[in-house]
Amino acid sequence: MTTTTPAPTADPAAVESFVGRALGDLAGTMTVLLATLGDRLGLFRALADAGPLTDAELAERTGIDVRYAREWLAGMTAAGYLRIDGTGGYELPAEHVPVVAQEDGPVFFAGVWQEIAGTLPHLDAIATAFRSGGGVPPEEYGTGFWQGIERFSGTWFANQLLPVWIPAMPAVAALLERGADVADVGCGAGRALVTLAQAYPNGRYVGFDAVPANVERARRSAAEAGVADRVRFEVRDAAAGLPDRYDVVVTFDVVHDAADPLALLRSIRTALRPGGRYVCLDINASESVAENVGPLGTVFYGFSILYCMTSSLAVGGAGLGTCGLPEPVAVELGRQAGFASFRRVPLDNPFNILYEATP
């Protein structure tokens, strides 16, 4: 005779507590969507520049309908992003300005909101992939998504690349200072190379990306920055090989997305000259799911499903996912790829790990 263990009875107080948590998460989702609209329409910037504004004043300054201005201001006030001042106007607190209105600032969040919004049209396709496998390939993501990535990663290149990352790698700094041949694999819109070319004008720089739209934007960025004489960009799947040899090769938040991470690393090692350096920035995650809990882990796994993992699986790739390159995995892949050394650079950063490797 088979006996069935009755399902445990839920504690009503625990249920009520979790309802509160779920409500908070729902409110957070609405906050991100409203904030995305505020960023897209320039509403946060208007409030940062002008101080407290009424709904009519915000509408006039930004060219939006006053009824929508009123509702958005109310929603952002309910979320705690804005506050009502003594005159009845709506104010963006000074402490919030760097987060929502300071483009390229070290704590600017609007780029990542735009990135999330850019994944939403693909939810149906991702849900289908849950059942059938595969995923959504990178080229199907729209301009808004790629612009979001550019704006989000732009905060790294504006605030971390030159003052923090390069000084932490003296051998890389020396190569750049003397005038190096530098390749950026998975260059996106080219912000990293433009930044390096401005700081180290004696170098020669080339960026590779498999998405043609990214390469087009990168070329425009280099021209606008006045560095197109020493920076060029090509459409290329770098895992299939690089066309030349380089003193420095960099990847910024790329390897965990790759369809074939090992082939990519082998290609990079082969392309390095003797004495060259490979610089790899990737996600600061643990091998253990139990250690990736909390807000950051939630964001990482969400982005994994919405882009990082699905874009790799879409082309039959490894599907490492956002948390799929913790230090032990990265070091082992580096060993398999033939690097003589693959070390973690001491860096206090909750989002990223920086590696320096030698061929």
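None of the figures in this text is laboratory data; all of them are computed from the coordinates on show. Bear in mind that the values here come from a model prediction, so they are computed numbers and not experimental data. For neighbour counting, all protein chains shown are included, and Cβ atoms are generated from backbone atoms with ideal geometry for every residue, glycine included.
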When a/c is below 1.5 the answer is rounded, else prolate if a/b is larger than b/c, else oblate, so apply that to segment 58-209 with a ≥ b ≥ c taken from the square roots of the Cα gyration tensor eigenvalues. oblate
Starting with the fewest neighbours, write out Thr270, Thr251, Thr36, Thr9 ranked by other beta-carbon atoms found within 10 Å of each beta-carbon. Thr9, Thr270, Thr36, Thr251
Mean separation of Cα contacts under 8 Å (6+ apart) over length of the chain, as relative contact order %: 12 percent
Just Ser153, Ser304, Ser132 to compare: in a GNM of the chain, with alpha carbon springs under 10 Å, which one fluctuates most? Ser132
Rounding to the nearest 10 and keeping the result within 0 to 90°, find how far the Cα-based axis of helix 327-337 lies from the longest principal axis of the chain. 30 degrees
If I model a spin label as a point 7 Å beyond the Cα along the Cα-Cβ vector, how far apart are those points for Arg343 and Ala78 in nm? 5.4 nm
In the chain, once you exclude exposed GluC sites (Glu not before Pro) (DSSP loop, at most 15 other Cβ within 10 angstrom), what's the longest stretch remaining? 104-286
Where the centroid of each part is defined by its Cα atoms, how far is segment 331-354 from segment 117-182 in Å? 18 Å
Give me the angle, in degrees from 0 to 90, between the Cα long axis of helix 12-40 and the longest principal axis of the Cα atoms of the chain, rounded to the nearest 10. 70 degrees
Cβ density ranking, 10 Å radius, fewest first, applied to Val206, Val32 yields Val32, Val206
